[in-house]
Amino acid sequence: MSNDPNKELFTLKDKTALVTGASRGLGQALAIGLAQAGATVVCSSSANGGTKQTREKIEQCGQLAFEVAADLSDASSVLAMAETAESFTGQIDILVNAGGTIARAPAVDFPLSDWQQVINVNLNATFLLCQQLGKGMLKRGEGKIINIASMLSYTGGITVPAYTASKHAVVGVTKALANEWASKNVQINAIAPGYFKTDNTQALQDDPVRNAEIEKRIPASNWGEPEQLVGAAVFLASAASDYVNGHVLAVDGGWLAR
């Protein structure tokens, strides 16, 4: 990245980003937000055609977008998707690992199959994409990786042991890679979203008791909108964060402070 003080710090012009989990929710908002900052975006989801709406919204912004699909629980599918993503423009400059899954059950009864699925999607796919796409970044001497962590990267939660374990581990991987790659001008950081209005949290939003408890805990007093995560992502994807590495940026309305 350039040290030119006159360079536009937050522009993503001439950069290509791969965003997983881009079909809806936070991943879709991040994909569109990176495009609005100037990036070409490769949108990934688990189903063929799953990011059609996201691609169309990006194209309406006047930016170029591509679609790929992969089963993030399958290593060979993840690696094939990474190769396809690189083929569109020749390289991936920005990787956003936003794809994820969750399973709920008391720990004493938590199925091993659910544990393995969550770990494969949330942790193993994240590491594989960092490793595979990181090779090109290291060779070129620049790159940005943003892993999506969670408030459960800090706490234990209830009835979500696999998700909690995976999100703690995502933070560990982020720091481990930063230690190895920072000197090569590749920045690896994470964003830990708080409570955001998405399909995944709809049940909590609809529960008057839990909704009230959550809003009472958040100093901002309200749930976040997906678009409110974009600024953090653009910062970590741009030259503005060239000296930020191994950091976990909480975007939570102050939840952790409470």
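Annotations for the structure displayed:
- The residues of the range 225-237 that are under 10 Å from PHE196 (Cα atoms), surrounded by fewer than 21 Cβ atoms within 10 Å (Cβ to Cβ) and either modelled with pLDDT under 95 or of a type outside the set (S, T, N, Q) (or both), listed by number, are GLU225, PRO226, GLU227.
- With respect to (1) in contact (Cβ under 8 Å) with a residue 60 or more places away in the chain; (2) not aromatic (Phe, Trp, Tyr); (3) not in a loop (DSSP other than H, G, I, E, B), the lone exception for GLY246 is condition (3).
- Qualifying residue in the range 141-155 (condition: out of contact with any Pro (no Cβ under 7 Å at 6 or more places or on another chain), of a type in the set (Lys, Arg) and part of a helix (DSSP H, G or I)): no
- When the range 85-115 is filtered for residues that are more than 19 Å from the chain's Cα centre (by Cα) and in a helix (DSSP H, G or I), the ones remaining, listed by number, are SER87, PHE88, THR89, ALA107, VAL108, ASP109, LEU112, SER113, ASP114, TRP115.
- Qualifying residues in the range 186-204 (those that are exposed (fewer than 15 other Cβ atoms within 10 Å of the Cβ) and of a type outside the set (A, V, I, L, M, F, W, C)) - the one farthest from the chain's Cα centre (by Cα): GLN202
- Boolean, ASP14 is within 18 Å of GLY136 (Cα to Cα), assigned to a loop (DSSP other than H, G, I, E, B) and without any contact (Cβ under 8 Å) to a residue 60 or more places away in the chain: yes
- Residue selected from the range 81-106 under the condition modelled with pLDDT of 95 or more and loosely packed, with under 15 Cβ neighbours inside 10 Å, by the criterion farthest from GLY136 (Cα to Cα): PRO106
- Only one of VAL118, VAL171, VAL78 that is over 27 Å from THR16 (Cα atoms) and in a helix (DSSP H, G or I): VAL118
- Members of the range 29-68 found to be among the charged types (D, E, K, R) and under 18 Å from the mean Cα position of the chain (by Cα), listed by number: ARG55, GLU67
- Reported count of residues in the range 19-58, each being closer than 22 Å to ALA190 by Cβ and either in a loop (DSSP other than H, G, I, E, B) or of a type in the set (Lys, Arg) (or both), is 8.
- Matching option when the condition is closer than 19 Å to ARG140 by Cβ, in contact with a Leu (Cβ under 9 Å, 6 or more places away or on another chain), modelled with pLDDT of 95 or more and buried (at least 23 other Cβ atoms within 10 Å of the Cβ), among VAL42, VAL19: VAL42
- Lone qualifier among LEU128, LEU72 - being in contact (Cβ under 8 Å) with a residue 24 or more places away in the chain, assigned to a helix (DSSP H, G or I) and surrounded by 15 or more Cβ atoms within 10 Å (Cβ to Cβ): LEU128
- Residues that are in contact (Cβ under 8 Å) with a residue 24 or more places away in the chain, within 21 Å of ARG24 (Cβ to Cβ) and in contact with a Lys or Arg (Cβ under 7 Å, 6 or more places away or on another chain) within the range 199-223 comprise ASP199, TRP223, listed in sequence order.
- For the range 107-121, the criterion of a residue being modelled with pLDDT of 95 or more, closer than 18 Å to SER76 by Cβ and crowded, with 24+ Cβ neighbours inside 10 Å is satisfied by at least one position.
The values are calculated or read from the model by the stated rules, or taken from the named source; none is laboratory data. Quantities reported herein were computed from a predicted structural model and do not represent experimental measurements. Neighbour counts run over all protein chains shown; Cβ positions are idealised from the backbone, glycine included.
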